[in-house]
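Here the structure comes first, spelled out in structure tokens, and everything after it is commentary.
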Ligand SMILES: Cc1cc2nc3c(=O)[nH]c(=O)nc-3n(C[C@H](O)[C@H](O)[C@H](O)COP(=O)(O)OP(=O)(O)OC[C@H]3O[C@@H](n4cnc5c(N)ncnc54)[C@H](O)[C@@H]3O)c2cc1C
């Protein structure tokens with residue numbers, strides 16, 4: 001158990017840190033903020049803060065629309081984190097003095113063809129069976145909410161509690177809040193955990209966690225576009241729109257400053273090149289759903305690497321054989337929505353030494369055959385699972401070689 005200093009006691013700069021966080025993405029920074037706010041002496045190692053997956057992420061906070069078959073425990077964690085988002089956003093805005101682009105208009109899930117709608121309805125039925133708020137809408141109700149939808153959109157549903165935040169505002173806000181709380185940035189990469197000298201080390205390095213811990217975190221490429229409404233206007237729609245369009249699945253996230261994020265591919269690749277085919281398919285599906293997008297400026301095409309795991313769920317907790325090393329990685333498609341709960345539960349674990357039961361299904365031990373001594377011996381095998389298995393092959397949006405149906409979103 002680690003206890004913080006009293007507010008009147010200054011840090012001794014030469015003292016060993018209580019907590020060293022490796023990685024200054026949303027996960028590492030939020031953990032650093034929470035730990036520093038509890039009075040712990042915290043350092044955060046990262047040569048390029050905010051340069052990982054969060055730099056391209058859409059920022060959907062979608063526990064309901066992303067409640068997929070076979071992922072009950074992950075859905076529980078997503079819901080727990082989404083429930084924390086309103087207070088987390090308020091607190092972070094207060095602590096950083098920065099806007100986050102947090103918006104609560106909700107999410108519309110729409111389908112173009114009969115087949116698209118049939119596929120969507122199968123998932124809504126599952127989500128409703130879990131008691132989640134997803135309400136089918138008639139076409140007129142859909143158009144009352146979003147008149148800009150294409151006439152060929154045949155139906156949809158509303159997930160009112162699925163919100164959004166802008167990750168490009170979130171991460172700088174977290175940096176400010178963490179530093180104001182006393183966390184100290186160390187602008188260097190950690191090449192091995194033996195380089196880190198702290199009472200507790202938290203590995204929150206996204207895809208970089210694999211090299212440091214041996215845990216099975218792999219890059220999952222996502223290509224994504226940013227468009228801008230012409231003439232500085234705001235987009236002609238307010239909800240996040242997740243659409244099935246002729247078998248393709250895309251999402252559209254409108255920002256108050258006129259930006260629209262259109263994404264994304266899901267590919268078992270580790271490069272970050274942008275391909276013409278992916279841009280074509282994303283744009284075609286996006287314009288099919290919202291014709292006005294054809295008039296928008298295409299301002300950015302980019303690809304990022306999600307930190308994926310064999311069961312698509314994060315890896316949270318002490319690495320077997322290394323109780324002083326906590327993993328907080330593998331957040332895959334959900335690292336933005338999972339930021340509040342991850343930060344709270346890991347900070348609780350650091351300060352109390354007791355793991356919240358919510359963490360149990362996400363323990364690193366599910367991937368570790370035997371307790372390693374070095375912190376670099378986690379194997380690729382799985383023991384137990386917090387979600388479904390990931391598919392093997394490459395998978396672009398709507399591509400013939402995409403993996404599981406669930407892997408097409410975000
Ligand atoms: C196209 C796309 C769309 C997405 N959309 C969404 C979405 O809508 N909603 C959602 O919830 N999630 C989304 N995600 C997923 C989300 O971006 C990630 O889950 C999240 O960024 C993970 O956060 P992280 O802090 O663990 O890792 P990252 O954001 O990847 O940050 C890792 C940090 O660790 C640092 N680092 C790495 N190795 C080392 C090392 N050895 N030493 C020091 N520092 C190191 C890196 O420089 C980086 O700053 C999306 C991702 C992509 C690619």
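Bear in mind these aren't lab numbers, they're just calculated from the coordinates by the rules spelled out. Since this is a predicted model, take the numbers as computed values, not measurements. Note: ideal-geometry Cβ built from the backbone for every residue, glycine included; neighbour counts use all protein chains shown.
Between residue 294 and residue 211, the FRET efficiency estimated from the beta carbon spacing at R0 = 35 angstrom works out to 0.25.
As a test, work out the antiparallel percent of DSSP beta bridges whose residues both lie in the chain, rounded to the nearest 5. Write down the numbers at each step before the final one.
Values: 42 of 61 bridges.
Here the share of antiparallel DSSP bridges comes out near 70 percent.
Taking a label point 7 Å from the Cα of residue 246 along the Cα→Cβ vector, which residues of segment 116-133 have an amide N closer than 16 Å to it? Answer for this model: 116-117. Computed from Cα atoms, the angle from the helix 26-37 axis to the main principal axis of the chain rounds to 40 degrees.
Distance between the pseudo-spin-label points of residue 234 and residue 352 (7 Å out from Cα toward the beta carbon): 4.1 nm.
Exposure proxy for 306, 238, 122: other Cβ atoms within 10 Å of each Cβ, ordered fewest to most, give 122, 238, 306. Placing R0 at 56 angstrom, the Cβ-Cβ distance between residue 199 and residue 140 gives a FRET efficiency of 0.40 after rounding to 0.05. Among 96, 194, 270, the residue with the largest mean-square fluctuation in a Gaussian network model of the chain, with springs joining Cα atoms closer than 10 Å, is 194.
By other beta-carbon atoms within 10 Å, ranking 69, 362 with the fewest at the front produces 69, 362.
With respect to the chain, whose longest principal axis is taken over its alpha-carbon atoms, helix 72-96 is tilted by about 80°. With respect to the chain, whose longest principal axis is taken over its alpha-carbon atoms, helix 276-289 is tilted by about 60°. A simple packing score, the average count of other Cβ atoms within 10 Å per residue, orders the peptides 212-222, 181-191, 249-259 as 212-222, 249-259, 181-191, with the highest score first. Each label point was placed 7 Å from the Cα along the Cα-to-Cβ direction; for residue 272 and residue 119 their separation is 2.9 nm. Per-residue ellipticity at 222 nm computed for the chain from its helices equals -8500 deg cm²/dmol, with DSSP H segments shorter than 4 residues left out and the rest contributing -39,500 (n - 2.57). Quote the FRET efficiency, to the nearest 0.05, computed for residue 191 versus residue 90 with a Förster distance R0 of 51 Å and r equal to the Cβ-Cβ distance. Efficiency for this residue pair is about 0.85. Residue ranges 33-44, 135-146, 50-61 sort as 33-44, 50-61, 135-146 when ordered by packing (mean number of other C-beta atoms within 10 Å per residue, highest first). Our estimate of slack between residue 128 and residue 55, defined as 0.36 nm per intervening residue step minus the Cα-Cα distance, is 23.0 nm.
Cβ-to-Cβ counts within 10 Å put 27, 109, 224 in ascending order as 224, 109, 27, the fewest first. Extension gain for residue 280 to residue 257 (0.36 nm times residue separation, less C-alpha to C-alpha distance): 5.8 nm.
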